[in-house]
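Shown next, in structure tokens, is the structure this report addresses.
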Amino acid sequence: MKELTHYINGAHVKGQSGRFADVYNPATGEVQARVPLANAEELAFAVDVAADAQPGWAAVNPQRRARVLMEFVRLLNRDMDKLAEALSREHGKTFPDAKGDVQRGLEVVEYCIGAPQMLKGEFTDGAGPGIDIYSMRQPLGVSAGITPFNFPAMIPMWMFAPAIACGNAFILKPSERDPSVPLMLAELMEEAGLPKGILQVVNGDKEAVDAILDHPTIQSIGFVGSTPIAEYIYGRGCSNGKRVQCFGGAKNHMIIMPDADMDQAADALVGAGYGAAGERCMAISVAVPVGDETADRLIEKLVPRIEKLKVGPYTAGDDIDYGPLVTREAKERVLGLVNSGIEQGAKLVVDGRDFTLQGYENGFFVGPHLFDHVTPEMDIYKQEIFGPVLSTVRAGSYEEALKLAMDHEYGNGTAIFTRDGDTARDFAHRINIGMVGINVPIPVPLAYHTFGGWKKSAFGDLNQHGPDAFRFYTRTKTVTSRWPSGIKEGGEFHFKAMD
Ligand code: NAD
């Protein structure tokens, strides 16, 4: 069986701990590789390498650092299909989705090529007699990132591209479910000219994460994953004096007003609810039609569209709508929640429980599900399902729909579908959620804006990518300088006494 490695000091390094995790092909259910799980000593070794390499990298001027990212973009485009194939094989998402995963990471790398501009700092000329003030953004030193399984290319790049552009060394602890693409990215960064030790991949589970949280040299930690782990990492990392940003789970509501274009809303819901098997933190998992008539019209439009969805392995072609879930446990958890929805009184309008695929009986596929008459007390409403399950909660009015989304503990993304500008504007202003779509179901901001939720979906002050990334991966130093001002008289400088 294929044995994966860590990537430390510019080389593939075998695991020393003796502990491994299985990496599956989710379409077949077979174990295709095993990944080593690092212990604290292995992590500490990578940190030492990073700490040695980082000052040299910080001394490279920002434009030269940016050139490495420029070349990395070229290599990502060169290897796009190879990366997407490796990603689909471990994650299960369709090939076009896997390319999208790489592409959305690549766009943040492109944005980070602007680092020389972002790192310029500020200058006040003549703040007093002979006094100038300037501030500069300096790297933190060694940063670390802990990433989830669902975007194994994009999220690592969202972290390491700005960190490295700012002059830091970066240690990535990717998800143990799909670790191959992060290893490939580290190789490509070095092919692009990055010195050894500036980007390293240490594979692992809680043991490696705890070692990151407690290592005194690591200055900052970025985390993306589920909310309980986000809270844990935020608490322990901050109490160890580190700068920490953690992005957690989601339950994204889409409000459908009676005046919405119902075909457009139904198409949007199917893409946003079932795309990538619902394994997206920006997936829409709750539809909130306003008024019973709107709800009936919406359900009528949704059912045939959902029944037409093609579920299959990425190898079956680009017209597949979504693939398997990532693990058998994920599949069992999703089906368990579907059963709880039925037991708690929701109406299952589309039932995907018996879904099977010939030749892939052991794969982790789950058919699409649609619930109607879901209420806020039900587990399928309270919990993030992270599967192809859309819940409909009927609201009597716009205010009721707004309150529903506002009262949910998660606040990652949301959307409203309406033709009324007033309603849309009111919604965008009042909603307590970080990313809002108006007739846009998945409002993921582009690289030059920032990405982040509110409430239990994010912990920390700064968002991912956009200008916030440059703030997160640098600290500001402000210099106040005073020089006696000279007055040129007869070719000589005469300095006035300093007051
Ligand atoms: P997860 O929380 O299980 O794992 C995330 C990372 O934490 C992995 O690297 C994993 O190895 C590590 N980890 C797991 N258990 C740990 C523990 N007990 N102690 C320390 N570290 C631990 O999340 P996942 O299943 O990989 O990803 C799905 C979750 O990520 C969903 O909740 C999804 O909403 C969320 N997500 C959020 C965003 C966002 O930007 N808000 C983006 C993508 C995914």
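The values are calculated or read from the model by the stated rules, or taken from the named source; none is laboratory data. These figures come from a predicted structure and were not determined experimentally. Cβ coordinates were reconstructed from backbone atoms using ideal geometry, including for glycine residues, and neighbour counts include every protein chain displayed. Keep in mind that these areas ignore ligands, DNA and RNA; they rest on the heavy atoms of the full protein, side chains included. Shrake-Rupley method; radii C 1.70, N 1.55, O 1.52, S 1.80 Å.
Between the alpha-carbon centres of the range 69-115 and the range 1-15 there is a gap of 21 Å.
Express the Stokes-Einstein translational diffusion coefficient of the range 252-438 in µm² s⁻¹, to the nearest whole number, given a Kirkwood radius over alpha-carbon pairs, 25 °C and a viscosity of 0.890 mPa s. This corresponds to a translational diffusion coefficient of 148 µm²/s.
For the chain, the per residue solvent-accessible surface stands at 41 Å², with DNA, RNA and ligands left out and a 1.4 Å probe.
With the simple spin-label model, which puts each label point 7 Å out from Cα in the Cβ direction, the Ser135 to Thr476 separation comes to 0.1 nm.
Model label points for Asp214 and Lys382, set 7 angstrom from Cα along the Cα-to-Cβ axis, are 3.3 nm apart. If the chain linking His449 and Thr5 were pulled fully straight, counting 0.36 nm for each residue of separation and taking away their Cα-Cα distance, it would gain 156.4 nm. Proximity of backbone amide H atoms, modeled 1.01 Å from N, is registered between Ile221 and Ala144, Arg243, Val244, Gln245 at under 5 Å, excluding neighbours fewer than 5 places apart on the same chain. Along the chain, counting only GluC sites (Glu not before Pro) with a DSSP assignment other than H, G, I, E or B and at most 14 other Cβ atoms inside a 10 Å radius, the longest segment between sites is 1-360.
How far, in nm, would the chain grow between Asn339 and Met406 when pulled straight, counting 0.36 nm per residue and subtracting the alpha carbon separation?
My answer for the length gained is 21.5 nm.
For the chain, a Kirkwood hydrodynamic radius built from all Cα pairs, placed in the Stokes-Einstein relation at 10 °C and 1.306 mPa s, yields a translational diffusion coefficient of 66 µm²/s.
Of all beta bridges DSSP finds with both residues in the range 252-438, what is the antiparallel percent, to the nearest 5? Rounded to the nearest five, the antiparallel share is 15 percent. Radius of gyration (Cα atoms) of the range 83-161, expressed as a multiple of 2.2 N^0.38 Å: 1.68. Give me the net charge for the shell around Asp259: Cβ to Cβ below 9 angstrom, other residues only, Lys and Arg +1, Asp and Glu -1. Combined, the nearby Lys, Arg, Asp and Glu give -1. Measuring between their Cα centroids, the range 240-283 and the range 332-401 lie 15 Å from each other. Considering only beta bridges that DSSP places wholly inside the chain, some 45 percent are antiparallel. Calculated [222 nm] ellipticity per residue, helices only, for the chain: -12000 deg cm²/dmol; basis is -39500 (n - 2.57) per DSSP H run with n ≥ 4, divided by all residues, nearest 500.
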